[in-house]
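Chemist: Sharing a structure here in structure tokens format.
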Amino acid sequence: MNEKTGVRAVMSDIQEVLAGGERSYINLSAGNPMILPGVSAMWKLALANLLDDDRFSSVIGQYGSSYGTDELITSVVRFFSERYRADIRKENVLITAGSQQLFFLAINSFCGMGSGSVMKKALIPMLPDYSGYSGAALEREMIEGIPPLISALDDHTFRYELDREAFLERMRTDPCIGAVLLSRPNNPCGNILPEEDVAFISDACRAANVPLFIDSAYAPPFPAIHFIDMEPIFNDQIIHCMSLSKAGLPGERIGIAIGPSRYIRAMEAFQSNAAIHSSRLGQYMAASVLNDGRLADVSLNEVRPYYRNKFMLLKETLLCKMPEDIKWYLHQGEGSLFGWLWFEDLPVTDAALYEYMKADGVIIVPGSSFFHHQSRHMAHSHQCIRISLTAADEDIIRGIDVLAKIVKGVYEKQAEYL
Ligand SMILES: Cc1ncc(COP(=O)(O)O)c(C=O)c1O
């Protein structure tokens, strides 16, 4: 917890490199969303309305409930009950200081050292997944994951699939699983687990009596960065976890959990002790754009097409520039802010590839940290990299040019030694 892990450790290096100022880099690593004009205008108006509102002084001048402000909780209940015909009440909702904090509360409420000196773990049903989960765990190696099945869809496209058998076996035989969590759409690879897989996972969680956290940081209805059809899923085992960050409000730190009150209550108590509550200014702004429907509209009509077009550009550029004779694969683009590349039999590690790219002025994210501490045992985890869709078009094109050259070089060098 007091050391940076995974992508955050790489990000420290990246930030140092980018801040160095001696040369300019193409940054294909950013997780920061683009500032899009319609999104920015929406938040500006919400803030302007607050400044004119009689409630301004009490919004910023007083503490409030650790569940969240009444306004935002009421808006969340109304919006999600109407839109998804779900039975959601106030006691099912918790507002947190961003979804990273939500996962901190979740992982450490239900996992970690219990009274019987047994370490409960959080299980990811299908690796790779968000490296920030390992960073949020108070104990080392508290996050475990099931390796994926890999299917090649064509010469240069692949997709991860849930290994149902391995997941079920683990859930049935390991009494130390305290929670299950997954991102949908997935960071880093953009996979969207099909509804049947989510139902399968949720049934196993019900049988084991553990909560299932579905990280919806990229899901509909906001920010709606999904390129295939998907809907959020609500049931009595799932805590649906949302964020306003990728819908343009990362600075205000708003996360939203909707789930069974037995789980929400435990996290609220933790939040009350650890942080009291999230920013009330951000909560006010969030309530106003949820109520007038603008948050969902702008997500669907501006955020989603922006990243879908970027993904298409990335795919076309790779197809045009990458060497034909190398076994490279792009994960099928189903959603999220990233493209995920796999180089089969890559002769160097992902970390070495990151260093070569950096030396040539391009920053990407090496993939192994998304496999958490299991990366040590999986060759595949050292053959992948993540590319951000937040870069300018010309940077994506120039960055892939450099990647193609470097990858060609490392495979050719290997061939010389054979
Ligand atoms: C999958 C996923 N979950 C959670 C987070 C944390 O987001 P925030 O704390 O800004 O809501 C991120 C941030 O990039 C993410 O990619």
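The values are calculated or read from the model by the stated rules, or taken from the named source; none is laboratory data. Fair warning: this is a prediction, and the values are worked out from it, not measured in the lab. Counting neighbours? That spans all protein chains shown, and the Cβs are built from the backbone with ideal geometry, glycine included.
Chemist: Mind telling me which of the residues Ile256, Ile228, Ile239 ends up being within 12 Å of the ligand (Cβ to nearest atom) and either in a strand (DSSP E or B) or surrounded by fewer than 20 Cβ atoms within 10 Å (Cβ to Cβ) (or both)?
Modeler: Ile256
Chemist: Right, something else. Exactly one condition in (1) within 16 Å of the ligand (Cβ to nearest atom); (2) surrounded by fewer than 22 Cβ atoms within 10 Å (Cβ to Cβ) is false for Ala122; which is it?
Modeler: Ala122 satisfies all of (1) within 16 Å of the ligand (Cβ to nearest atom); (2) surrounded by fewer than 22 Cβ atoms within 10 Å (Cβ to Cβ) except (2).
Chemist: Ok, one more. Here is a list of conditions, (1) free of Cβ contacts under 8 Å to residues at least 40 places away in the same chain; (2) out of contact with any strand residue (DSSP E or B) (no Cβ under 7 Å at 6 or more places or on another chain); (3) within 10 Å of the ligand (Cβ to nearest atom), and Asn209 meets all of them except one; can you say which number that is?
Modeler: (3)
Chemist: Wholly within region 266-324, which helices (runs of 4 or more DSSP H) include no fewer than the required count, namely at least 2 residues that are among the hydroxyl-bearing types (Ser, Thr, Tyr) and either under 22 Å from Leu105 (Cα atoms) or touching a residue at least 12 places away in the same chain (Cβ under 8 Å) (or both)?
Modeler: Correct list: 280-291, 304-321.
Chemist: Quick test of your reading of the structure: Arg265 fulfils all but one of (1) more than 10 Å from the ligand (Cβ to nearest atom); (2) crowded, with 19+ Cβ neighbours inside 10 Å; (3) of a type in the set (Lys, Arg). Name the failing condition by number.
Modeler: So Arg265 meets the others, but not (2).
Chemist: Which of the residues that make up region 185-206 are within 16 Å of the ligand (Cβ to nearest atom) and touching a helix residue (DSSP H, G or I) at 6+ places or on another chain (Cβ under 7 Å)?
Modeler: Pro188
Chemist: Can you list residue pairs whose Cβ atoms sit under 9 Å apart, with the first residue in region 88-108 being under 18 Å from Ile233 (Cβ atoms) and among the β-branched types (Val, Ile, Thr) and the second being within 12 Å of the ligand (Cβ to nearest atom) and outside any helix (DSSP H, G or I)? Count only pairs 6 or more apart in sequence or on different chains.
Modeler: Val93/Ile256; Val93/Ala257
Chemist: Check Glu144, Glu169, Glu165 and return the single one that is modelled with pLDDT of 95 or more, under 19 Å from His380 (Cα atoms) and away from the ligand (no atom under 16 Å from the Cβ).
Modeler: Glu144
Chemist: Sticking with this structure for a sec: Among the residues of region 101-119, how many are within 13 Å of the ligand (Cβ to nearest atom) and either within 15 Å of Arg262 (Cβ to Cβ) or surrounded by 21 or more Cβ atoms within 10 Å (Cβ to Cβ) (or both)?
Modeler: 6
Chemist: Is there any pair linking a residue in region 52-79 that is under 13 Å from Ile256 (Cα atoms) to one that is loosely packed, with under 12 Cβ neighbours inside 10 Å and at pLDDT below 95, with Cβ under 9 Å and at least six apart or on different chains, and which?
Modeler: Matching pairs, first to second residue: Ser66/Asn273.
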